[in-house]
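For reference, the structure is listed below as structure tokens.
What follows draws every value from the coordinates through simple rules; no lab data is involved. A quick note: this is a predicted structure, and the numbers were derived from the prediction, not measured. Counting neighbours? That spans all protein chains shown, and the Cβs are built from the backbone with ideal geometry, glycine included.
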Amino acid sequence: MEWIVLLLLGLTAGTLGSLMGLGGGIIVVPALMILSGYVAILAGVTPQVAVGTSLLIMIFTGLSSTLAYLKQKTVDLKSGWLFFAGSGPGALVGVYLNNGIDVQSFLIYFGSFIIFVSFVLMIRKHLKPLKLTKKGIKREYINEAGETIEYGYHPFLALLIAFIVGMFSGLFGIGGGSLMVPAMILLFGFPPHRAVATSMFMIFLSAILSSVSHIALGNVNWLYALALVPGAWVGGKIGAAINQRLKSDTVVNVLRIFLVIIGVRLIYQGLF
């Protein structure tokens, strides 16, 4: 029964992570921490093990959903590689910061972070994407209505934001999508579907790098990973399929509500 719980957890994390471009870590990490008090095989899970195991799972979620999004032709590969150039080094910094953090502090910081992201999404319609300079990179995307949308970014700003995203990824084990997707939508004018798909590609690359670091530090529980991976792989494909059928605003609204609920739950657990 306990292994079935982990299998379902992987499926849920993979589906929601792929659907919203988060990578699934925002489900796996808090779930492992919460279930450690109720499920025998998860007893004594530390933030380090939860994060390390989550990042390993995200390799499979990221690969599965990226392959699906590539078939849909919604991944901006050039932007994804550029973002990874910043998120990769950031992930290594996050892994370093993760060592030694206590459970209560981890939960409070994590919860506060994702509530902040939800707030940013709440006011997104009142903000306008940054105007490109002559040195900015311009991209185009044809949305579901057949309209051509132009978006873009300055390379230095993109690398800086990606570095910060990677740092949070290594620190919290969330893949960084909860910050990168809003950044792409708000700052760079990415269409939501394009942002989610590109985020999953970046998460796949970053998860490989940060997972290797956590494995070297002994922060991965291989039995948990074995139970979580099958569900995460299938969920990654399911989430990508659902994303294709939802309107852009629906994707953002679902993401915002979901983050608030998880954030409040984590803060409560950290305080009490």
### Message
Cut-off is 10 Å between beta-carbons; in what order do R256, R265, R194, R245 appear when sorted fewest neighbours first?
### Response
R245, R265, R256, R194
### Task
Would you work out which of A216, P30, P155 lies farthest towards the positive end of the dipole of segment 2-271? Charges go on Cβ: Lys and Arg +1, Asp and Glu -1.
P155
### Query
So what's the angle, to the nearest 10 degrees on a 0 to 90 scale, between helix 155-172 and the longest Cα principal axis of the chain?
20
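So what is the orientation-averaged projected area of the chain, using the convex hull of its C-alpha atoms, in nm²?
Values: hull surface 51.7 nm².
Convex hull of Cα atoms, orientation-averaged projection: 12.9 nm².
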### Message
Just to verify a number: FRET efficiency for L226 and T250, C-beta to C-beta distance, R0 = 35 Å, to 0.05?
### Response
0.55
### Query
With each pseudo-label sitting 7 Å past Cα toward Cβ, what's the E147-V103 distance in nm, one decimal?
4.9
#### Entry: Projected label distance in nm at Y268 and H154, using a 7 Å step from Cα toward the beta-carbon
4.3
## Note on the structure
Expressed in nanometres to one decimal, the distance between label points 7 Å along Cα→Cβ at Q72 and I4 is 3.1
### Task
Over the chain, calculate the relative contact order: mean separation of alpha carbon pairs under 8 Å at least 6 apart, over the residue count, as a percent.
40
### Message
Please compute one quarter of the surface area of the Cα convex hull for segment 153-272 and express it in square nanometres.
### Response
8.9
### Task
Largest first and to the nearest Å, give the Cα extent of segment 14-102 along each principal axis.
43, 28, 15
## Note on the structure
Taking Cα atoms, the helix 2-20 axis meets the longest principal axis of the chain at an angle in degrees (rounded to 10) of 10
### Query
Roughly speaking, what is the stretch gain from A216 to I137, that is 0.36 nm per residue apart minus the C-alpha to C-alpha distance, in nm to one decimal?
24.7 nm
